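Chemist: First the structure, which I've put down as structure tokens, then a few questions once you've had a look.
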Amino acid sequence: MSTSKIVKYAQFSFDFSKCEVHIGSSITELEPKVMKVLSVLYECQGEVISQKEIFEKVWQGRVYSQSLIQRAITLIRKALNEDASSAKFLITYPKQGYCLTPQNVSSRISPPTASNIFKVLLVLVVATAFMLFYQFVSYESSFQTYTSLSSITKQHSNDYSISQNSSSGELLFIRKEAENYELWKKSPDKEQKIYTSKHKILHTFWIGNSPAFTQYNEQNSISFMQLIGQDKGQIIFEKNTELTSAPIANESTIYFASKNTIYEFNTKTNTKRILHIFTDIKTIKDISFSKVVNKIAILLDKGQLNHQVVTLHLDNLSLKKLYNNYGEYNSIEWHPQDPSLLLTKSNKLILLNFDGSTSDINYATDRKLSSAIFALDGRTIYLEHNYLNVSLVKSEDIEGDVFLSDISYSGANLFPKNNFKNSKLLFQSDHNGLQTLYLKEDKNDVVISQARKGENINGYAWSHDGQKIAFAINNEITIKDEKGESKKITLENSLYIRGWFRNEPKLLVNQLIGGKPYPAVLNIKDHTIENLSDSTASCAVLESNNNLYFVQNDQVLIKQTPDGKRKVIHNLINDEYDDLFVSKKFLYASVKSKNTHYVQKFDLRNFVLSQHELPNKAILAGVNKDDNLWSYRNIQYESSLYKLF
């Protein structure tokens with residue numbers, strides 16, 4: 001540890017004798033081991049120190065634990081008022097280690113060698129050049145604060161999937177009216193309905209100056225259509241698999257994404273080819289094409305709220321990674337003139353530059369965004385707000401006919417978790433505009449916690465004795481007892497809480513590794529994390545005797561005993577498991593088929609299976625100790641279109 005008791009670093013003071021970080025009048029106290037990690041980094045400013053090297057210096061003689069390092073780094077970053085995605089002081093170098101950016105190198109105790117001086121000078125030169133470049137890029141692509149928001153359409157209806165003619169600036173959008181889907185075209189002085197269908201219209205796009213769209217057909221496959229006259233559509237081609245983003249046309253070529261694959265279709269030769277297949281993602285979220293740089297920007301969902309932006313160069317099909325971050329990202333859009341990208345993240349607009357730097361675009365609304373595109377002038381932005389309304393309904397049994405209670409706040413009411421010792425219930429709702437965790441007892445709903453703007457609630461669970469709650473918001477886990485006393489655990493990365501082990505201070509969580517979920521154990525006492533499976537899995541739940549159930553490859557249901565023995569319970573052929581729930585006697589599985597959801601019910605004694613459909617297209621949401629079922633009902637998506645300027 002540094003021989004100086006108090007040292008200066010940037011605007012901070014580190015008091016190593018008292019284990020404190022000072023900034024102005026604010027003091028953050030760190031644990032001794034965490035402060036020793038900071039000391040190691042401070043003594044080696046400008047050098048990348050590996051995790052193992054830090055561990056050997058701080059935890060001498062102990063078995064190596066990556067999670068201890070990660071936790072210490074997280075706590076240090078919190079004391080420095082920064083996070084990993086935008087760190088200026090404590091930088092992560094993937095697969096290499098950590099580096100404390102050099103600030104006051106002359107205050108180091110060890111006399112600097114010539115090689116160290118060269119390293120520090122080199123780092124300072126590079127950092128200065130980067131800052132100048134960053135300021136230039138930020139200046140060139142900066143946006144004023146947007147203050148005006150107006151509706152794009154003349155009537156407030158359920159409108160969605162806006163696209164723009166790249167020559168005229170005319171807009172296409174879809175409107176849902178009663179049982180029909182309508183395609184509308186809007187110019188500055190006119191708004192007209194140009195096509196009506198009983199089949200669901202999914203996306204709009206333009207082929208030159210001709211409106212185009214995708215819709216389901218009689219065979220439930222997807223037709224790519226071009227409008228050839230008022231209410232007359234012509235099929236370009238058809239696709240059997242689900243589209244994950246709106247198509248984009250460039251002259252005679254249409255680009256589109258399906259699950260993990262980017263395709264192109266040539267309308268002149270009627271030929272289709274694969275441009276790229278991604279192997280390490282959950283799905284492709286959105287794509288955008290730029291004629292200026294001849295690239296497709298791709299927003300990838302890697303699972304567990306991890307998103308990545310890459311570009312695909314159409315000259316040589318080479319990929320470039322631009323950005324990686326956690327959160328609820330929905331869309332991506334090229335700027336029409338500049339080499340920058342517009343991202344929507346929950347209720348945020350983010351400008352992503354080619355050097356990977358980002359800046360928030362301030363705008364006059366707090367509503368959640370589902371997509372955003374630039375107008376041709378590069379300043380005006382067209383927004384689509386998407387609202388999910390979901391009611392929670394509790395019924396007596398799996399037939400779902402006998403209604404017991406409901407939660408019907410305006411908005412999405414989700415993830416009911418019953419206390420198996422009493423009638424208390426945890427649930428999540430966004431009816432007030434932010435993700436909020438509620439405790440329902442009798443007729444009273446009490447706020448347990450509320451995520452701030454840009455944060456996410458990452459699961460919650462009751463302890464088996466019914467006296468404690470564990471919940472996660474981003475990478476911070478809170479343990480709360482019935483007296484209201486709380487313990488907080490801050491981790492390097494976000495986890496999703498799935499359950500609580502019986503008679504042990506451990507949580508069942510989903511841990512994200514390489515963009516894929518793995519069931520794992522989080523020890524509440526020492527904050528260590530241990531994987532339960534060496535392969536990716538989802539939907540993990542615990543039986544009361546700590547038997548683990550999870551799903552592999554979306555279709556294989558597996559039981560794993562506490563000693564690690566595994567058994568395949570069921571294997572789906574065409575459908576996919578959506579979630580698992582367990583009561584004292586039964587294991588319930590929500591299954592998603594092509595057009596609906598159904599429920600599988602397994603007897604835990606012998607795994608005899610019965611299959612059920614809930615009434616009114618309801619989806620299984622949870623189960624309590626008496627095998628009363630919670631289900632999602634009255635599911636409706638509502639959207640509206642706005643112009644931001």
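Chemist: Among the residues of the range 383-393, is there at least one that is more than 19 Å from Gln467 (Cβ to Cβ) and loosely packed, with under 13 Cβ neighbours inside 10 Å? First the steps, then the outcome.
Modeler: First, pick out the residues of the range 383-393 that are more than 19 Å from Gln467 (Cβ to Cβ): 383-393.
Subset that is loosely packed, with under 13 Cβ neighbours inside 10 Å: none.
Checked the range 383-393: no residue is more than 19 Å from Gln467 (Cβ to Cβ) and loosely packed, with under 13 Cβ neighbours inside 10 Å.
Chemist: Out of Asn422, Asn413, Asn493, report the one residue that is assigned to a loop (DSSP other than H, G, I, E, B) and in contact with a Phe, Trp or Tyr (Cβ under 9 Å, 6 or more places away or on another chain).
Modeler: Only one candidate passes the filter, namely Asn493.
Chemist: Criterion first (assigned to a loop (DSSP other than H, G, I, E, B), surrounded by 20 or more Cβ atoms within 10 Å (Cβ to Cβ) and either touching a helix residue (DSSP H, G or I) at 6+ places or on another chain (Cβ under 7 Å) or touching a residue at least 40 places away in the same chain (Cβ under 8 Å) (or both)) does Ser288 satisfy it? Write out each step before concluding.
Modeler: Working: assigned to a loop (DSSP other than H, G, I, E, B): no; surrounded by 20 or more Cβ atoms within 10 Å (Cβ to Cβ): yes; either touching a helix residue (DSSP H, G or I) at 6+ places or on another chain (Cβ under 7 Å) or touching a residue at least 40 places away in the same chain (Cβ under 8 Å) (or both): yes.
No; evaluated as a whole, the condition is false for this residue.
Chemist: Out of all the residues in the range 296-310, is one or more out of contact with any Leu (no Cβ under 6 Å at 6 or more places or on another chain) and under 25 Å from Ser148 (Cβ atoms)?
Modeler: Within the range 296-310, not a single residue is out of contact with any Leu (no Cβ under 6 Å at 6 or more places or on another chain) and under 25 Å from Ser148 (Cβ atoms).
Chemist: Might you check whether a residue that is more than 21 Å from Ala249 (Cβ to Cβ), out of contact with any Leu (no Cβ under 8 Å at 6 or more places or on another chain) and surrounded by fewer than 12 Cβ atoms within 10 Å (Cβ to Cβ) occurs anywhere in the range 155-166? Step through it out loud before you land on a result.
Modeler: Of the residues in the range 155-166, the ones more than 21 Å from Ala249 (Cβ to Cβ) are 155-159.
Still in the list and also out of contact with any Leu (no Cβ under 8 Å at 6 or more places or on another chain): 155-158.
Subsequent filtering for residues that are surrounded by fewer than 12 Cβ atoms within 10 Å (Cβ to Cβ) retains 155-156.
Scanning the range 155-166, I find at least one residue that is more than 21 Å from Ala249 (Cβ to Cβ), out of contact with any Leu (no Cβ under 8 Å at 6 or more places or on another chain) and surrounded by fewer than 12 Cβ atoms within 10 Å (Cβ to Cβ), so the answer is yes.
Chemist: Give the residue that is surrounded by the fewest Cβ atoms within 10 Å (Cβ to Cβ), with candidates limited to residues of the range 535-561 that are more than 23 Å from the chain's Cα centre (by Cα) and not polar (S, T, N, Q).
Modeler: Val556
Chemist: Name the single residue, out of those in the range 471-507 being of a type in the set (A, V, I, L, M) and within 20 Å of the chain's Cα centre (by Cα), that is nearest to Ile281 (Cα to Cα). Lay out the reasoning, then the answer.
Modeler: First, pick out the residues of the range 471-507 that are of a type in the set (A, V, I, L, M): 472-473, 477, 479, 489, 491, 495, 497, 507.
Those left that are additionally within 20 Å of the chain's Cα centre (by Cα): 472-473, 477, 491, 495, 497.
Numbers: Ala472: 23, Ile473: 23, Ile477: 26, Leu491: 23, Leu495: 17, Ile497: 21 Å.
Going through the qualifying residues, I end up with Leu495.
Chemist: Of the residues that sit in the range 187-218 and are in contact with a His (Cβ under 7 Å, 6 or more places away or on another chain) and part of a strand (DSSP E or B), which one is farthest from Ile287 (Cα to Cα)?
Modeler: Checked the range 187-218; the qualifying residue farthest from Ile287 (Cα to Cα) is Tyr216.
Chemist: If you go through the range 157-197 one residue at a time, how many are under 33 Å from the mean Cα position of the chain (by Cα) and within 30 Å of Asn595 (Cβ to Cβ)?
Modeler: Count: 20.
Chemist: Given the structure, is Arg502 modelled with pLDDT of 85 or more and either among the acidic types (Asp, Glu) or not in a strand (DSSP E or B) (or both)?
Modeler: yes
Chemist: Something else: Would you point out which residue out of Ile262, Ile228, Ile236, Ile254 is in a strand (DSSP E or B), touching a strand residue (DSSP E or B) at 6+ places or on another chain (Cβ under 6 Å) and under 21 Å from Pro336 (Cβ atoms)?
Modeler: Ile254
Chemist: Something else about it: For Arg77, only one of the following conditions fails: (1) under 31 Å from the mean Cα position of the chain (by Cα); (2) touching a residue at least 60 places away in the same chain (Cβ under 8 Å). What is its number?
Modeler: (2)
Chemist: Just for strands (runs of 3 or more DSSP E) wholly inside the range 1-82: which have at least 1 residues that are more than 25 Å from Ala520 (Cα to Cα) and in contact with a Leu (Cβ under 7 Å, 6 or more places away or on another chain)?
Modeler: Strands (runs of 3 or more DSSP E) meeting the threshold: 12-15, 20-23.
Chemist: If a residue has to be of a type in the set (Phe, Trp, Tyr), in a strand (DSSP E or B) and either within 17 Å of Ser640 (Cα to Cα) or without any contact (Cβ under 8 Å) to a residue 12 or more places away in the chain (or both) to count, how many in the range 321-375 make the cut? Quick ask: steps written out before the conclusion?
Modeler: Within the range 321-375, the subset of a type in the set (Phe, Trp, Tyr) is 323, 326, 329, 334, 354, 363, 374.
Retained after the next criterion (residues that are in a strand (DSSP E or B)): 323, 326, 329, 334, 374.
Next, only the ones that are either within 17 Å of Ser640 (Cα to Cα) or without any contact (Cβ under 8 Å) to a residue 12 or more places away in the chain (or both) stay: 374.
Count: 1.
The values are calculated or read from the model by the stated rules, or taken from the named source; none is laboratory data. The model shown is predicted, which means the values in this text are computed figures rather than measured ones. Note that each Cβ is placed from the backbone with ideal geometry, even for glycine, and that neighbours are counted across all protein chains shown.
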